[in-house]
Each structure stands twice: as C-alpha cells, then as structure tokens.
1. Which value, in Å², gives the accessible area per residue of region 5-63 when a 1.4 Å probe is used on the protein heavy atoms?
2. Which chymotrypsin sites (Phe, Trp or Tyr not before Pro) does region 13-56 hold that lie in a coil by DSSP with at most 13 other beta carbons within 10 Å?
3. Which percent of Cα-Cα pairs in the chain sits in each 5 Å bin, short to long?
4. Of the candidates Ala71, Ala21, Ala89, which one comes out as most mobile in a Gaussian network treatment of the chain with C-alpha springs shorter than 10 Å?
5. If the cut-off is a Cα-Cα distance under 18 Å, which aspartates and glutamates reach Lys9, setting aside same-chain residues fewer than 8 apart in sequence?
6. Would you be so kind as to identify all helices of the chain, as entire DSSP H runs, whose Cα atoms reach 18 Å or more along the helix's own axis and whose mean Kyte-Doolittle hydropathy is at least 0.0?
7. Which residue fluctuates the most in the chain, going by a Gaussian network model with Cα springs under 10 Å, if the choices are Ala69, Ala97, Ala14?
8. Enumerate the lysines that Lys51 could reach by cross-link, defined here as Cα to Cα under 23 Å, with residues fewer than 8 away along the same chain left out.
Amino acid sequence: SEAFNLADKLGLSAATFFDIASTASGGSWALTNYCPVPGPVPKTPANFDYKPGFTVAMMLKDLRLAQGAAADSGVHTVLGQDAEQLFTALSGLGHDALDFSVIYQMIAKKL
C-alpha cells in the first residue's frame with residue numbers, strides 16, 4: 001500500500017507500478033493476487049469498493065493475537081505493532097466491515 005501511494009505521488013500509474021513490482025524483487029503472492037489498489041488485478045476487493053473477503057475487523061483480531069503471542073514470548077515485533085496501530089486507526093474510522101486491503105485508502109489519505 002505504501003509503495004502504491006509513493007508511486008502515485010511520483011506520477012507512476014498503479015498499473016505501471018504493478019507491472020514493475022510484480023516481476024521484480026517486490027513481487028509476492030499478496031501483490032499479484034490481492035492487490036490493494038483498483039485496476040491491476042481485476043478480481044480483488046479493491047475493484048469492488050473493498051467489499052470484504054477478509055475484513056478489517058478480522059485482520060485486527062489476528063494482529064492482536066499475534067502481538068499477544070509475541071509479548072508472551074518476549075519477542076519485540078516493531079512492524080507488527082505498527083500494523084496493529086494502523087488497523088486500529090482504520091477500525092476507529094468505522095471501516096471494520098470492509099476488506100483489509102482498504103488500508104491503502106487510509107495510507108493514501110483517500111478515506
């Protein structure tokens with residue numbers, strides 16, 4: 001989501017960035033199958049107003065479970081903490097029922 005936002009701010013279309021990232025070191029299952037921006041991957045929630053597959057509420061629940069397990073194990077997870085904070089903020093905006101990929105909209109300040 002952050003990379004798509006940066007690409008947009010640099011004047012690169014989502015489709016062009018997707019074509020580059022998906023065939024380079026930025027490629028991943030999540031990118032090529034669950035792209036968070038409308039356009040590049042036709043059947044993703046981003047192309048259907050973020051109607052859920054996996055909701056923000058479910059992602060937040062899982063992030064909290066993971067953070068609890070990390071804390072119980074004495075493991076510090078900086079990125080996990082950041083993700084939990086972002087999804088807590090997204091939830092606070094009332095978007096629990098949308099697909100978790102709507103986080104792109106929050107990061108890009110489009111909500």
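The values are calculated or read from the model by the stated rules, or taken from the named source; none is laboratory data. As the structure is a computational prediction, the values presented were derived from the model and not from experiment. Glycine gets a Cβ as well: all are built from the backbone with ideal geometry, and neighbour counts include every protein chain shown. Quick note on the areas: whole protein, heavy atoms, side chains included, nothing else; ligands and nucleic acids left out. Shrake-Rupley method; radii C 1.70, N 1.55, O 1.52, S 1.80 Å.
1. 58
2. Within region 13-56, the qualifying chymotrypsin sites (Phe, Trp or Tyr not before Pro) (loop, at most 13 other Cβ atoms within 10 Å) are Phe54.
3. Computed distribution, short to long bins: 2, 12, 20, 21, 19, 15, 7, 3, 0.
4. Ala71
5. Asp19
6. What comes out of the filter, once short or polar helices are dropped, is 56-73, 78-92.
7. Evaluated over the chain, the most mobile residue of the options is Ala69.
8. Lys43, Lys61, Lys109, Lys110
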